[in-house]
1. Within segment A:148-179, count every residue that is open to solvent by 60 Å² or more (accessible area, probe 1.4 Å) and in a helix (DSSP H, G or I).
2. Tell me, please, whether a residue that is within 22 Å of residue B:164 (Cβ to Cβ), touching a Leu at 6+ places or on another chain (Cβ under 7 Å) and part of a loop (DSSP other than H, G, I, E, B) can be found in segment B:223-235.
3. Here is a list of conditions, (1) out of contact with any Asp or Glu (no Cβ under 6 Å at 6 or more places or on another chain); (2) assigned to a loop (DSSP other than H, G, I, E, B), and residue A:47 meets all of them except one; can you say which number that is?
4. So which residues in segment B:304-317 are within 27 Å of the chain's Cα centre (by Cα) and within 11 Å of chain A (Cβ to nearest Cβ)?
5. In segment A:77-95, what residues are closer than 17 Å to residue A:32 by Cβ and not in a helix (DSSP H, G or I)?
6. Scan A:294, A:298 and give me the residue that is farther than 18 Å from residue A:56 by Cβ and at pLDDT below 95.
7. Does at least one position in segment A:32-45 carry a residue that is among the aromatic types (Phe, Trp, Tyr), open to solvent by less than 10 Å² (accessible area, probe 1.4 Å) and either in contact (Cβ under 8 Å) with a residue 24 or more places away in the chain or within 17 Å of residue A:276 (Cβ to Cβ) (or both)?
8. With the requirement that a residue be within 28 Å of residue A:177 (Cβ to Cβ) and part of a loop (DSSP other than H, G, I, E, B), what does segment A:124-136 give you?
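The values are calculated or read from the model by the stated rules, or taken from the named source; none is laboratory data. Note that the structure is a prediction, hence the values are computed from the model and not measured. Cβ atoms come from the backbone with ideal geometry, glycine included; neighbour counts cover every protein chain shown. The accessibility values were calculated without ligands, DNA or RNA, using every heavy atom of the protein model including side chains. Shrake-Rupley method; radii C 1.70, N 1.55, O 1.52, S 1.80 Å.
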2 protein chains.
Amino acid sequence: MAKQNKQGFSFDVLRTCPETGARAGILRTPHSVVETPVFMPVGTQATVKTMSQQELEEVDARIILGNTYHLYLRPGTKLIREAGGLHRFMGWDGSILTDSGGFQVFSLNDLRKITEEGVFFRSHIDGSKHLFSPESVIEIEHDLGADIIMVLDECIPYPATTEYAAQSCRMTEEWAARCRDTHEVLNDGSRVLFAICQGSVYPDLREESARRLVDMNFWGYAIGGLAVGEPKKHLFEMVEISTQILPEEKPRYLMGVGFPDDIVEAVSRGVDMFDCVMPTRNARNGTVFTYDGKLVLKNAGTAHDFGPIDSACGCPSCRNYSRAYIRHLFQAGEILAPRLATMHSICFYLEIMREMRKAIIEDRFPLWRDAFLRRYRKEEEPYGF
Amino acid sequence: MAKQNKQGFSFDVLRTCPETGARAGILRTPHSVVETPVFMPVGTQATVKTMSQQELEEVDARIILGNTYHLYLRPGTKLIREAGGLHRFMGWDGSILTDSGGFQVFSLNDLRKITEEGVFFRSHIDGSKHLFSPESVIEIEHDLGADIIMVLDECIPYPATTEYAAQSCRMTEEWAARCRDTHEVLNDGSRVLFAICQGSVYPDLREESARRLVDMNFWGYAIGGLAVGEPKKHLFEMVEISTQILPEEKPRYLMGVGFPDDIVEAVSRGVDMFDCVMPTRNARNGTVFTYDGKLVLKNAGTAHDFGPIDSACGCPSCRNYSRAYIRHLFQAGEILAPRLATMHSICFYLEIMREMRKAIIEDRFPLWRDAFLRRYRKEEEPYGF
């Protein structure tokens, strides 16, 4: 583990795979040293569902994600500011990235209204009316106090017309500039701002979006608006277009992706950072990820299986509990069931990120990737959420 | 902590309070050294709800309870035997006590039918018909493989007529003898059998029940059929009658009790062992126990309270999280909420048992008790479940 740097922010690419675009790097924030490529567990409501912050430390998670939309509505920005920020409120000493709330506003709200000013929406909790503007979102994110904050963008659905996608890209770029301006006013060196490239599945729009945002000189760049239902070949094509344009020396974050093999494919194309509810949400439903693909713990096939979830895994769940026991806990509706399943899948995701990093540094990433994908995909995985 | 004894069973009273009946002792099983008085967290379905077995070890729980009724129905005795017993199935290395299933049959089943042979009942899961007889229950408990097993008894409701209570006592005694006979056939030294005294709130019946069971020479004795709705003065009166008759040299277990102050009162009357769903069930509903009494975490009063649940507590929840954060988790329906609340309340229960033991050994139990009860009861606690 790299030496802790409690001073400021930096990102260094240590090694790039000569055959693929895969990069191993170090992202430093005032809270932790994050080795990339990295998977960030999702802590929507100031908790990575079912896990304690001590468990996150135990499995060496160094950065997690918080959702601005959810935290803004509950417990509210004011309370978190009163607590001294999100880190102190939730008792988490590692790094935090907050999204802008845009994705939730667009995916959870039927009654939203988008204007140049921002997006009007109703709370899914109590129906109250709210406005997220580029300015207000950056203010909220500064109040929440994450290390990395995201601009407000419009995440459009798939499919979308070229016209709509183009128009939305322009607005997202304008919003990005306004976010940057607000951030510069509020910036005290405690956090950095990432822009989000959009453009649906249109190569021209993706290129243009990336170029324009690069010109605005953000600290880091996300690729957004993907994994929203488009065919997988489009996903990787758009990632490739984006990473070819994004600056070498800055971190790249593919938002909301995904399955383990998708992450490996995206690392292969030069992405450094990932987040997804996949490992946590699926685990709560009784499905975990292993080196041999997905495993449905609730299936009758595991009823008499006294082996661990994954014999290649050294996580606390696999060290101590059998598939048969965890299946029983799911059948019985016990809280320990989603806990053990989540713990495994988060460990698995973090472990494959570490393995990829090591393989990149040791110049054997393509071999690792091919071996991983062959084993993992022994059965075809349908794509979707 | 006393030296581990992996050989067999023993119980020694180390000290008895000269002013009260309180005792400090050591109960040894092949799995752990249990310091008494002890509170046994309830692991109904092979899990102490929300906690991992590693967390139970972390808070120094050395014996937990499993429910025969639940385990027999799901995952089933056969699967647990196949796994190598309950300890191995659930990955718990400490001691386990299983109840006889009687209490659940009587409290969960409207369609039960009691005969001298045993009790016919329907599964609450699938409606299937089953018989628990003294013989079958002991066989099931041997298959589950707990360290301490309980006889099948009839736990009658309150109020009950003298006639019904007397008749039920006779049957419970006969069942106890049949349980003992079956246990003697199956006994390989891996577990010991406790009898259960009954008699409702009738002093004569309580006395007679205790005397007859003592004559049958069980390894330990439970006091059952209490905390089922009777006035609290009856509870303690019945406990006192029982502990005056039960042998000094054998462990005494008050089943299903209770609130922290009730446990202190019962220790004061010579009880060594306790179990109750109170700390775990209430925690899941957002109520925890502290030195200052009950605390409802969901109340608005904790919304801006950035202090721990109990500033006198050193448990993992109190060391790391605030009331405001845990309240937020409850409001948001997050699994970490019942986890943190349960962790605290189990720690609190275990801690007051350790404090009582120390006070007994140091000949200052009455002082400790009075100080604890004064602080804890600053507000009147209604009795009930």
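1. Result for segment A:148-179: 7.
2. Yes, there is a match, as at least one residue in segment B:223-235 is within 22 Å of residue B:164 (Cβ to Cβ), touching a Leu at 6+ places or on another chain (Cβ under 7 Å) and part of a loop (DSSP other than H, G, I, E, B).
3. (1)
4. B:316, B:317
5. A:85, A:91, A:92, A:93, A:94, A:95 - these are the residues of segment A:77-95 that are closer than 17 Å to residue A:32 by Cβ and not in a helix (DSSP H, G or I).
6. Of the residues listed, the single one that is farther than 18 Å from residue A:56 by Cβ and at pLDDT below 95 is A:298.
7. yes
8. In the first step, residues of segment A:124-136 are kept if they are within 28 Å of residue A:177 (Cβ to Cβ); the result is A:129-136.
The answer is A:133, and nothing else.
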